[in-house]
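Beneath this line is the structure, given in structure tokens, with notes to follow.
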Amino acid sequence: MDLHIVTLDIPFPADYGGVYDLFNKIRKLHEHGVRIHLHCFHKNREPRKELESYCASVHYYQRNTGHKGISMSLPYMVSSRVSDELEQNISGDNYPIVLEGIHCSFLLHAGRLKGRKVIVRLHNVEYQYYRELAMQTRSLPKKILYWWESWLLKRYERQIAQSDALLLGITEKDCAVYRKNFGARNIAFLPAFVPWDFPVSKEGIGTFCLYHGNLSVPENENVAVWLLEQVFNKLEIPFVIAGKNPSPYLQRLAHVHKHTCIVSDPGTSEMQDLISKAQIILLPSFTRSGIKYKLLTSVFSGRHCVVNESMVEGTMLSPACHIATNPSAFASVVAQLFRKPFDAHEIQIRQHLLHEHYNNERTVKRLMEWIFGHYR
């Protein structure tokens, strides 16, 4: 069983949301005997030999960033990933093709995959995500770019939805949006792949509250600022923000109070250590599409999780979380939970959710049936 997988970035290490599902999917397909021919677009990440342990072949393609990747008719996330070399490398056989994200779907859009079995893994309703980024950013140039990308994406995603490819949404809600907004008929839900077969959350009491994420993403910085200014401005409980590339503004703001601080660019093991030692992980979200992988990580390897509806909608993870609606509600829940031990019953709830909804064995078998069987 041979399979081409085209990824939006190099999927190792699995240290941020965009590659989390990718690497764990590759790992499980390899375990089930699939010979993977991996094709990775990349910009800042380096080729990794570790991927050769899971793949029969690995190919790398430099993204066309800056002015080279700009198109007036294609979204930038797509036009920066156009590659003649990729087309050549997958044209010498008739293996099925999995395109990871709208990002990697140019060959499908251009009609160059006719006669091939193609699956598009949707990581988001991308036009909605960029529209929400436009609404949140303070920078006028970025706001204009995000609105333009959202407009192009809405038109582009509609075209992909009408293609012959099977679309696999990462949440039931994303599937519903594609059916309603784009008339998608050939679409199904496939849960995210995760690195655990059982929760690794620890019983007992942690020592601080935590928010984590890629802090260079406008939404994540806005959430961190919101927590600092609206929740922990008066709530004197230790609060740690951790993530990649925090702005100077966020770093200054995190040290205004003695009980708040920031950990910049933690490694994978350091981040896991922070999650395991936290008493409460706070994860409000200001966007509604896709799934936030930091939520999966927090639920299955952390203690108490406090979220809003936007974070858990469509994820089936609500039973493992405490839901708050506004700053005062977040502060109230944090005050109640900070001294409350995390116990075996909480872990049992998460074990049930993992088995029922994020079961890698069940998910990989479903995916392989779609890839190598008849999904129409």
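Some points to look at:
- Listed by chain and number, the lysines whose alpha-carbon sits under 19 Å from that of Lys28, ignoring those within fewer than 8 places in the same chain, are Lys49, Lys365.
- With a threshold of 31 Å on the Cα-Cα distance, the over-threshold entries among Lys25/Lys277; Lys68/Lys173; Lys43/Lys114 are Lys68/Lys173.
- Estimated dipole of the chain in Debye, rounded to 20 [Cβ of Lys and Arg +1, of Asp and Glu -1, Cα centre]: 720
- A straight line joining the Cα centroids of the range 279-336 and the range 22-82 runs 30 Å.
- Whichever aspartates and glutamates have a C-alpha closer than 14 Å to that of Lys143, once near sequence neighbours (fewer than 8 apart) are set aside: Glu132, Glu219
- Inter-probe distance in nm under a simple model that places probes 7 Å from Cα toward Cβ, at Ser57 and Tyr16: 2.9
- Fewest-first ordering of Lys143, Lys234, Lys25 by other beta carbons within 10 Å of each residue's beta carbon gives Lys234, Lys143, Lys25.
- Net charge of the neighbourhood of Glu126, taken over other residues with C-beta under 12 Å away and scored Lys/Arg +1, Asp/Glu -1, is 0.
- Three principal axis extents of the range 209-356 based on alpha-carbon atoms, in descending order, are 42, 29, 29 Å.
- Of the DSSP H helices in the chain, those whose Cα atoms cover at least 30 Å axially and whose Kyte score averages -1.0 or more: 140-161
- Around Gly69: net Lys/Arg minus Asp/Glu count, Cβ-Cβ under 9 Å: +3
- Using the Cβ-Cβ distance between Gln159 and Ile205 with R0 set to 45 Å, the FRET efficiency from 1/(1 + (r/R0)^6) comes to roughly 0.30.
- CD proxy at 222 nm, helix term only [per DSSP H run n ≥ 4: -39500 (n - 2.57); per residue of the chain; nearest 500]: -12000 deg cm²/dmol
- Per-residue Cβ neighbour rank within 10 angstrom, fewest leading, Cys40, Cys175: Cys175, Cys40
- Segment Glu356-Ser71, length gained on full extension (0.36 nm per residue, minus Cα span): 98.3 nm
- Surface/4 estimate of mean projected area, convex hull on alpha-carbon atoms of the chain, nm²: 17.7
- Share of Cα-Cα pairs in the range 42-167 lying beyond 18 Å, as whole percent: 59
- Electrostatic tally near Val82: other residues with Cβ closer than 15 Å to its Cβ, Lys and Arg +1, Asp and Glu -1, net +2.
Each value in this text was obtained by applying a stated rule to the coordinates, not by laboratory testing. Computed from a predicted model, the values in this text were never measured in an experiment. As a convention, Cβ positions derive from the backbone with ideal geometry for all residues, glycine included, and neighbour counts pool all protein chains shown.
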